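The values are calculated or read from the model by the stated rules, or taken from the named source; none is laboratory data. Keep in mind that what you see is a predicted model, and the values were worked out from it rather than measured. Backbone-built Cβ (ideal geometry, glycine too); neighbour counts: all protein chains shown. Calculation scope for accessible area: heavy atoms of the full protein, side chains included, ligands and nucleic acids excluded. Shrake-Rupley method; radii C 1.70, N 1.55, O 1.52, S 1.80 Å.
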Amino acid sequence: MNESLDPKNLSPLVAPVGAVARQDQPDLKNASAWGNPFKIKISLPGKDIGGQWLCRNNGDAMAYENYCVPGSRAAVLKPYTHSDGKIYLQDEQGDWVSYESLWNLLYMSYWNYAVAWKIEGNRLVRDSDGAVLTWFYNDRWPLADRKNWLSASAPSVNALTVEKVDA
């Protein structure tokens, strides 16, 4: 295979604002204090957000398949503690939980753009800035069948309650 065409060398479709691509490698031997692989159950009291699990957006237009959405087919996440002491989440397809730059939507990406996460109480929190997992409604995207998305934003009335469930 031509090394330049290796998927590990390709950039993701989107990257976090101001992100510098990581030059290190993930530490896949270092299990996290979070334990075994798990799923994230989500809820927003009083609202139908389109599902009860953090999922990949499978089945939508290809441009949106790496985004995370509320749904019924939960992503199984493996937590790893990296050499920086922070926890990173890898899904069953080998991608890492990150976010895209325009809307702060959760996005499954290459290790180069992985960001650290923590659970504080019943919130999933982005370690770098304290943004929490949030429900985001957007009905303006062409080709996207869905309207419900998952974002990492400042705490608000749309902040989601999370529960870590062993896979």
Loop sites in the stretch 81-137: trypsin sites (Lys or Arg not before Pro), DSSP, at most 12 other Cβ within 10 Å: none
FRET efficiency estimate (nearest 0.05) - Cβ-Cβ, VAL165 to ASP145, R0 22 angstrom: 0.25
At 1.567 mPa s and 4 °C, Stokes D of the stretch 31-166 from Kirkwood alpha-carbon radius, µm² per second: 88 µm²/s
Fraction of accessible area attributable to carbon and sulfur, the stretch 72-167 (%, probe 1.4 Å): 48 percent
Virtual spin-label span in nm between LYS47 and SER156, 7 Å along Cα→Cβ: 0.8 nm
Mean separation of Cα contacts under 8 Å, 6 or more apart, over the residue count of the chain: relative contact order %: 24 percent
For the stretch 15-121, accessible area per residue (1.4 Å probe, heavy atoms of protein chains only), Å²: 48 Å²
Only Lys, Arg (+1) and Asp, Glu (-1) charged, at Cβ; the chain dipole about Cα centre in debye: 400 debye
